[in-house]
1. Can you report the number of residues in the stretch 21-35 which are in a loop (DSSP other than H, G, I, E, B) and without any contact (Cβ under 8 Å) to a residue 12 or more places away in the chain?
2. Would you pick out the residues in the stretch 16-62 that are of a type in the set (D, E), at pLDDT 75 or above and farther than 19 Å from M1 by Cβ?
3. May I ask you to list pairs of residues, at least six apart or on different chains, whose Cβ atoms are under 8 Å apart, with the first in the stretch 36-57 being in a helix (DSSP H, G or I) and the second being at pLDDT 85 or above and of a type in the set (A, V, I, L, M)?
4. Taking the condition at pLDDT 75 or above, out of contact with any helix residue (DSSP H, G or I) (no Cβ under 8 Å at 6 or more places or on another chain) and surrounded by 13 or more Cβ atoms within 10 Å (Cβ to Cβ), does D4 pass?
Amino acid sequence: MTADRVALIDWDESHVDVPDLDLVLPGNAADLDDGAHDIAAQASAAWEAAVCWQDEYAVKRLAEVRAV
C-alpha cells in the first residue's frame, strides 16, 4: 500500500517458485519494467493454460503464449 495505490494479492493463486507470476496485475499495477512484465505475463499465461482443464479459458491463455 502506498499513498496513491492499494494492492491485494490473492494468495489462493500465489506461487512459491516465481513471485513475478503474482505481479502480473491489470494495468501493470506492480510497476514491473516492460521486459519483466512481458516475461511474467507469458509465464502466467503458460501456467494457467497448463493447470486448467481443457476449456475455452485454457485455450485462450495458451494462445497468448509466445517465445520471449
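The values are calculated or read from the model by the stated rules, or taken from the named source; none is laboratory data. Values in this document were obtained by computation on a predicted structure and should not be read as measured data. Cβ atoms come from the backbone with ideal geometry, glycine included; neighbour counts cover every protein chain shown.
1. 2
2. Once the filter is applied, which keeps residues that are of a type in the set (D, E), at pLDDT 75 or above and farther than 19 Å from M1 by Cβ, the stretch 16-62 yields D33, D34, D38, E48, D55, E56.
3. Close Cβ pairs (under 8 Å, with a partner that is at pLDDT 85 or above and of a type in the set (A, V, I, L, M)) amount to A40/L32.
4. In short, no.
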